[in-house]
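Reading through the structure tokens given below for one structure.
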Amino acid sequence: MTMKARPPLSYQLLIVLLRSDPLIWRRCVVPGTITLGKLHRVMQVVMGWANSHLHLFTVGETSYSDPHFELEDALPSTRVKLEHLFPDRRGGMPLTLRYTYDLGDDWEHLIVVEGWANVPSGASAIRCLHGARACPPEDCGGIGGFEDLLDILADPQHPEHTRMRMWVGKEYDPARFDLAAVNQALARLR
């Protein structure tokens, strides 16, 4: 009797930028075979970061990062797959990991495994399904700095308004999320 190979599982992830208000979030699908190293690249695209800072994944008490960063006590993210951290377990406690980007500004993201599904034939293995709001600009000072920036941008009379608008660019709209652009960028990751 020949056993058919089980089709690979895709993982539906909810990604939330913690302490953002209104909430900045994304919902995506990734293959279970993705390494945390590649998941970092996906996070950069779906959130809109520029990949110019250190990052760290944390699952329970264990941390993972790019081995080139040489972060103390962090295991290599390039060797750990999502399916190894979270095998197919339906029900029970939520399965979560944390992703911290820019260890100075401390952008903390909660990643929740919402579910599993077989990858349909011909479907893109990595895609963003939905999201809300634009990512904060790099180097704006974490959540507190971002909130200050939004206040300045909302007040044309603020003495820093013109300078901050030039810094973020006139096209920056904190309420905008472009799903099509994100999926186009994800398609180039392969």
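Please identify the pairs in which a residue from segment 39-59 that is under 12 Å from residue 101 (Cα atoms) has its Cβ atom under 7 Å from the Cβ atom of a residue that is among the aromatic types (Phe, Trp, Tyr) and at pLDDT below 95, counting only partners at least 6 apart or on another chain.
Hits for this filter: 54/69.
Return the residue satisfying two criteria in turn: it lies in segment 40-76 and is over 15 Å from residue 28 (Cβ atoms) and aromatic (Phe, Trp, Tyr), and of such residues it is surrounded by the most Cβ atoms within 10 Å (Cβ to Cβ).
64
Inspect all residues belonging to segment 152-165 and state whether any of them is of a type in the set (Lys, Arg) and within 19 Å of residue 22 (Cβ to Cβ).
No: zero hits.
The values are calculated or read from the model by the stated rules, or taken from the named source; none is laboratory data. Keep in mind it's a predicted model, so treat the numbers as computed, not measured. Reconstructed Cβ throughout: ideal geometry from the backbone, glycine too, with neighbour counts over all protein chains shown.
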